[in-house]
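The values are calculated or read from the model by the stated rules, or taken from the named source; none is laboratory data. As the structure is a computational prediction, the values presented were derived from the model and not from experiment. Here the Cβ is made from the backbone with ideal geometry for all residues, glycine too, and neighbour counts use every protein chain on show.
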Amino acid sequence: MIELSHVSKRFLNGSRLTENGRESYAVKDVSFRLEKGEIAAFLGPNGAGKTTTKRLITGYLAPDQGEIRVMGMCPRRDGRAVRRRLGYLPEHNPLYDDLTVFETLRFAARVQGLSGPGLKSAIRRMVDLCDLGPHLKRSVAVLSKGFRQRVGLAVAMIHDPDLLILDEPTTGLDPNQIHYIQQVIKNLGGHRTVLLSTHILHQVPDMCSRVLVLCEGSLVFDDRPQALLARGCTVARIGVAQEPDAVLGRLESLGHRATCLTQDPERSGANPFVPFTVEGNWTEETLADLAESLREHGWRVGECVLTPPTIESIFAGLTAGDGTACASSG
Amino acid sequence: MRLVWLIARKEMSHLLNSAVFCLLGLVFVLMPAILLFWNPGPTNLFLSGHTSLQAFFQQLPILLMVFVPALSMRAYAEENRSGNLERLLSFPLSAGHLVLGKFFGCFAILVGCLAATAPFPFLVSQMGDLDWGPVLGGYLGALLLAGSCLAVALFCGAFTKRQPTAFITSVIALAVVMLWRIPALNLHDRFQSVARGLIDIRDLFFYLAVMLFFLFLNQGVVAHKRH
């Protein structure tokens, strides 16, 4: 469905140069392949090259190096044929404020070549799917952000495309609206390929069958969401009745990276334990060993809890520059 | 052609939904009345007793130099600013469809504005013996001049995200091509010749060539946005 092979794209304005004055890349040597029916999350920090990659796939930009095939075609050479089978929701979801919702959908359907009964049924389908019925005659300018997003999604899907590219479709929405858009996207899987970028990471395992993580223009992860979660490390949380600096020094001497969790480490009589997190892939046994080695110093050790990894912590590890989810092993 | 028509209709709808543009259009349509009847100069019909639309057609190039940029400044600037151009270019449209659609949409509105001034020749003809040759020549020349100005203004507007910038650069560009010292390339002088009723096929080709040249450049600018 989509195949990128060693694709690179330089920064357009040439303003971003590396320290040694060489040109740097918005996207560098990116290769991946998405099959029909996959819903892929395209993750990465701001400026990682996600939007550039999506523009390369839509044919809006041309790669400097490498090859892109979309449904077996080149998006530059066979641009119109590719765009007939592609739906795109750009970042910020631009719409014409002086048109009504119905006029917006009708314009998009006509540009996609629909007419007559086909046009009417396409609009009806989108109105039902995105629940736009009560707002059809309203101007786009007066819609809430959530409904604007639904209109943008309907515009992208009105011609029933095989490939849907969504750039941050849930940004700025309230939790109910996020849930609604999430359900719409989930229902699209199986029939068509969806490539979506989002900063709301906890949606990803539930919604997507594939995760691609881009960092500084390079692809640093490409696998199933379960594989991403498996890369995470269980962090230990321990409470020690001791001065924080002494505890941190001891943990460092044992080879662990730790953080004191309280801003005010003044211990009260009620709770003498200062909380710390210790990075590493901990198990019950290794954590018990750590607690024991602290007790050998005559320190009182309180709570010892294992904190499971979150997709946010794994993402932070992957995009921190070292390419790993775990900063150190336990 | 269907895609060009769709873009043209959208462009017309944007202009007709804009209160600012409707007000400008009204001023344009009433301008012949101001130039012919309220003008204190010698071309005032009441003062000169001479029934002709010369005063209107003499001032028309200057009028179009301001009116056409005001009409076209939104066409690309707003699309560039809002990001709608990216969405439009993700549809199965070519840059040519977009450029021609915007041109014909704006041109249809210009034709409408010029047509709305048509009652004035009939009004003037009631006041005396009006020579219809220069009037028809004037309107033909006005259409050609308006089309050429529009092609130049759309080309200038395609570079920017800001409507005031589009307006100012278009006015400057039109001032240059209107007041160009090389007679063969001067839009203004050729118009005055057509407006006197002297229709030369070379003038018609000249205006068509100007339109095609700037539309071609405009298509290049839009296509370059997909780079």
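Quick check on this structure: which one of B:Leu15, B:Leu60 is crowded, with 20+ Cβ neighbours inside 10 Å, modelled with pLDDT of 85 or more, under 28 Å from A:Ala108 (Cβ atoms) and among the hydrophobic types (A, V, I, L, M, F, W, C)?
On the way: B:Leu60 fails: under 28 Å from A:Ala108 (Cβ atoms).
Exactly one residue qualifies, and that residue is B:Leu15.
Is there any pair linking a residue in segment A:70-98 that is within 20 Å of B:Ser82 (Cβ to Cβ) to one that is of a type in the set (A, V, I, L, M, F, W, C) and assigned to a loop (DSSP other than H, G, I, E, B), with Cβ under 7 Å and at least six apart or on different chains, and which?
Once the first residue is within 20 Å of B:Ser82 (Cβ to Cβ) and sits in segment A:70-98, its partners that are of a type in the set (A, V, I, L, M, F, W, C) and assigned to a loop (DSSP other than H, G, I, E, B) give A:Arg83/B:Phe91.
Scan (1) acidic (Asp, Glu); (2) in contact with a strand residue (DSSP E or B) (Cβ under 6 Å, 6 or more places away or on another chain); (3) away from every other protein chain (no Cβ under 12 Å) for the single condition A:Asp131 breaks and write down its number.
(2)
Just one of (1) of a type outside the set (Phe, Trp, Tyr); (2) within 14 Å of another protein chain (Cβ to nearest Cβ); (3) farther than 16 Å from A:Leu212 by Cβ trips up A:Lys36, so point out which.
Evaluating A:Lys36 over (1) of a type outside the set (Phe, Trp, Tyr); (2) within 14 Å of another protein chain (Cβ to nearest Cβ); (3) farther than 16 Å from A:Leu212 by Cβ leaves (2) as the failure.
Given the options A:Pro45, A:Pro63, A:Pro117, name the one that is more than 10 Å from chain B (Cβ to nearest Cβ) and farther than 28 Å from A:Phe315 by Cβ.
It is A:Pro117.
Assess whether B:Thr169 counts as being under 20 Å from B:Leu215 (Cβ atoms), in a loop (DSSP other than H, G, I, E, B), among the hydroxyl-bearing types (Ser, Thr, Tyr) and more than 14 Å from chain A (Cβ to nearest Cβ).
For B:Thr169, the condition - under 20 Å from B:Leu215 (Cβ atoms), in a loop (DSSP other than H, G, I, E, B), among the hydroxyl-bearing types (Ser, Thr, Tyr) and more than 14 Å from chain A (Cβ to nearest Cβ) - is not met.
Can you tell me which residue in segment A:165-175 is farthest from the chain's Cα centre (by Cα), limited to those that are touching a residue at least 24 places away in the same chain (Cβ under 8 Å) and loosely packed, with under 15 Cβ neighbours inside 10 Å?
Result: A:Asp174.
Which count do you get for residues in segment A:82-126 that are closer than 14 Å to B:Lys10 by Cα and over 30 Å from the mean Cα position of the chain (by Cα)?
Residues in segment A:82-126 being closer than 14 Å to B:Lys10 by Cα and over 30 Å from the mean Cα position of the chain (by Cα): 9 in total.
Could you go through segment B:4-12 and let me know if any residue there is small (Gly, Ala, Ser) and either within 14 Å of chain A (Cβ to nearest Cβ) or under 20 Å from B:Leu98 (Cβ atoms) (or both).
Scanning segment B:4-12 turns up at least one residue that is small (Gly, Ala, Ser) and either within 14 Å of chain A (Cβ to nearest Cβ) or under 20 Å from B:Leu98 (Cβ atoms) (or both).
With segment B:16-128 as the region, which helices (runs of 4 or more DSSP H) entirely inside it contain at least 3 residues that are within 14 Å of chain A (Cβ to nearest Cβ)? Steps first, please.
On the way: elements: B:19-33, B:45-48, B:54-82, B:84-89, B:95-115, B:119-125.
Answer list for segment B:16-128: B:19-33, B:54-82, B:84-89, B:95-115.
For segment A:137-153, which residues satisfy the criterion of being more than 10 Å from A:Val101 (Cα to Cα), among the hydrophobic types (A, V, I, L, M, F, W, C), free of Cβ contacts under 8 Å to residues at least 60 places away in the same chain and surrounded by 15 or more Cβ atoms within 10 Å (Cβ to Cβ)?
none
Of the conditions (1) farther than 30 Å from A:Pro117 by Cβ; (2) touching a strand residue (DSSP E or B) at 6+ places or on another chain (Cβ under 6 Å), A:Leu188 satisfies every one except a single condition; which number is it?
(1)
Pull up segment A:82-95, narrow it to residues that are out of contact with any strand residue (DSSP E or B) (no Cβ under 7 Å at 6 or more places or on another chain) and more than 7 Å from chain B (Cβ to nearest Cβ), then point me to the one that is farthest from B:Glu78 (Cα to Cα).
If we take residues in segment A:82-95 being out of contact with any strand residue (DSSP E or B) (no Cβ under 7 Å at 6 or more places or on another chain) and more than 7 Å from chain B (Cβ to nearest Cβ), then A:Asn93 is farthest from B:Glu78 (Cα to Cα).
For B:Pro134, state whether it is away from chain A (no Cβ under 14 Å), in a helix (DSSP H, G or I) and over 30 Å from B:Ser13 (Cβ atoms).
yes
Could you list all residues from segment B:52-94 that are within 23 Å of the chain's Cα centre (by Cα), under 25 Å from B:Gly220 (Cα atoms) and of a type in the set (Ser, Thr, Tyr)?
If the condition is that a residue be within 23 Å of the chain's Cα centre (by Cα), under 25 Å from B:Gly220 (Cα atoms) and of a type in the set (Ser, Thr, Tyr), then B:Ser72, B:Tyr76 are the ones that fit.
What are the pairs with Cβ atoms under 6 angstrom where one residue, in segment A:105-128, is in the same structural domain as A:Arg85 (by TED's automatic domain parsing) and the other, located anywhere, is small (Gly, Ala, Ser) and exposed (fewer than 13 other Cβ atoms within 10 Å of the Cβ)? Sequence gap at least six, or different chains.
A:Val127/A:Gly133
So, in segment A:43-57, of the ones that are farther than 15 Å from A:Lys9 by Cβ and in contact (Cβ under 8 Å) with a residue 12 or more places away in the chain, which residue ends up nearest to the chain's Cα centre (by Cα)?
A:Leu43
Looking only at segment A:66-81, which residues are closer than 22 Å to A:His191 by Cβ and either facing chain B (nearest Cβ under 10 Å) or assigned to a loop (DSSP other than H, G, I, E, B) (or both)?
Matches in segment A:66-81: A:Met71, A:Gly72, A:Pro75, A:Ala81.
Surrounded by fewer than 12 Cβ atoms within 10 Å (Cβ to Cβ), at pLDDT 85 or above and not hydroxyl-bearing (Ser, Thr, Tyr), is that true of A:Glu266?
When the stated conditions are applied, A:Glu266 does not pass them.
Looking at segment A:129-140, is at least one residue farther than 26 Å from A:His179 by Cβ and either of a type in the set (Asp, Glu) or touching a Lys or Arg at 6+ places or on another chain (Cβ under 9 Å) (or both)?
No, every residue in segment A:129-140 fails to be farther than 26 Å from A:His179 by Cβ and either of a type in the set (Asp, Glu) or touching a Lys or Arg at 6+ places or on another chain (Cβ under 9 Å) (or both).
Among the numbered criteria (1) away from chain A (no Cβ under 14 Å); (2) more than 30 Å from B:His50 (Cα to Cα); (3) part of a helix (DSSP H, G or I), which one does B:Val222 miss?
It fails just one condition, (1).
Go through segment A:97-112 and give me each residue that's facing chain B (nearest Cβ under 7 Å) and not in a helix (DSSP H, G or I).
Residues satisfying the conditions are A:Asp98, A:Gln112.
Would you be able to say whether some residue in segment A:143-165 is in a helix (DSSP H, G or I) and farther than 30 Å from A:His202 by Cβ?
no
Which one of B:Ser170, B:Ser148 is at pLDDT 90 or above, within 13 Å of the chain's Cα centre (by Cα) and more than 30 Å from A:Tyr60 (Cβ to Cβ)? Steps first, please.
Working: B:Ser170 fails: more than 30 Å from A:Tyr60 (Cβ to Cβ).
Criteria check complete, one pass: B:Ser148.
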